[in-house]
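Participant: What follows is a single structure, and I will ask about it in a moment.
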Amino acid sequence: MKVELLWWEGCPSHPEALAELERVLRDEGVEAEVDLVEVESDEQARRERFPGSPTIRIDGEDALPPGEGEPFSLTCRVYRLRDGRVSPTPDPEDLREAVRRARADR
Amino acid sequence: MQIGDQAPTFSLPDTSGDQHGPDGVTAVVFTCNHCPYALAWHDRLLQVARDYDGVTFLAVNPNDGERYPTDSYDAMKQRVESDGGWPHPYLRDESQEVARAYDAKTTPDVFLIDAEGRLRYRGAPDADHRDPSQNAAWLREALDAVLAGQEPARAETDPVGCSIKWL
């Protein structure tokens, strides 16, 4: 399983997102290194189809796909936790589901 | 700007076009529409404004509205309107001069000014954007101290949030 975390320095959320992602991978018994990809320009954001920091990809697919028409730019990504709160990082349970889906699709 | 320094005065338009600036004890909160940290703290900060009648609250959006259209002046107006109004003005800092004068770093970034115009608190609203029960405690502590004519015990904390989107 190829796991990537794309991040931009304008958001302080990526260390927390990385820690949660690594915990979910460990809990799910997935032995995958997380590749960290820094996005540094709007041009790179468009090229990488980066909707904001942090973005987590599993086997090349956004683990939590953004809404239709979401622009690709250097910005901080807004996630919703399962209780409805706004968060700079994904709900760990959503990440867990994404990991399980990716494993089932292999 | 250091704690105890005279804070810059300013006059900025709100979402109705009316001008506002610091007046008496004033909380200036640099914030925006798109940042998840600003959004996570938003309700707590609105509640502080409701709870501290007599204190001037000013939310200021300095982000580049061209590169970040969700932070444009029009988007600010739409947000306030769709919320049915806010308890305090939401100001547009189009030139970013006010954000630069305050040396604001993030959204949110909170500055509390006393009645003499001196900076008494700067930093985050509270210790954890994830925890609504924190209730903007650091700002409230500072407000209580300033209103009692005392120095806030915690005068400075690290602002936490998205970097300001400079022009």
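Computed from the coordinates by the stated procedures, all read-outs in this text should not be read as laboratory data. Here the structure is a predicted model, which means the values were calculated and not measured. Glycine also receives a Cβ, built like all others from the backbone with ideal geometry; neighbour counts cover every protein chain displayed.
Participant: For the stretch A:1-70, calculate the relative contact order in percent as a whole number, restricting contacts to Cα pairs under 8 Å that are 6 or more residues apart.
Facilitator: It rounds to 51 percent for the stretch A:1-70.
Participant: Which whole number gives the average, over all residues in A:64-74, of C-beta atoms from other chains lying within 10 Å of the residue C-beta?
Facilitator: Average per residue, whole number: 1.
Participant: Answer rounded, prolate or oblate for the stretch B:99-167, using the Cα gyration tensor with square roots of eigenvalues a ≥ b ≥ c: rounded when a/c is under 1.5, else prolate when a/b is larger than b/c, else oblate.
Facilitator: Oblate.
Participant: Name every cysteine in the protein assembly as shown that ends up alone, with no second cysteine's Cβ under 4.7 Å, or say none.
Facilitator: For the protein assembly as shown, the answer is B:CYS32, because their Cβ atoms have no other cysteine Cβ under 4.7 Å.
Participant: Applying 1/(1 + (r/R0)^6) with R0 = 45 Å to the Cβ-Cβ distance of A:GLU33 and B:GLU156, what FRET efficiency is obtained, to the nearest 0.05?
Facilitator: 0.70
Participant: Another one. Looking only at other chains, what is the average number of their beta-carbon atoms within 10 angstrom of each beta-carbon in A:78-89?
Facilitator: 4
Participant: Ok, one more. What number, in percent, do you get for the relative contact order of chain B if the mean sequence gap of Cα pairs under 8 Å and at least 6 apart is divided by its residue count?
Facilitator: Relative contact order of chain B: 30 percent.
Participant: Provide the FRET efficiency to the nearest 0.05 for the B:GLU66-A:ALA104 pair, computing r from the beta carbons and using R0 = 45 Å.
Facilitator: In this case the efficiency is close to 0.55.
Participant: Which order results if B:LEU46, B:LEU167 are arranged by neighbouring Cβ count within 10 Å, fewest first?
Facilitator: B:LEU167, B:LEU46
Participant: Mind putting a number on the dipole of chain B about its Cα centre? Charges go on the C-beta only, +1 for Lys and Arg and -1 for Asp and Glu, and I need it in Debye to the nearest 20.
Facilitator: It comes to approximately 220 debye.
Participant: Dipole of the protein assembly as shown, Cα-centred, from +1 at each Lys and Arg C-beta and -1 at each Asp and Glu C-beta, to the nearest 20 debye?
Facilitator: Computed charge dipole of the protein assembly as shown: roughly 260 debye.
Participant: Hey, fewest Cβ within 10 Å first, where do A:THR75, B:THR26, B:THR70 land in order?
Facilitator: Lowest count first: B:THR70, B:THR26, A:THR75.
Participant: List the lysines whose Cα lies under 17 Å from the Cα of B:LYS105, skipping any in the same chain that are fewer than 8 positions away.
Facilitator: Qualifying lysines at Cα under 17 Å: B:LYS165.
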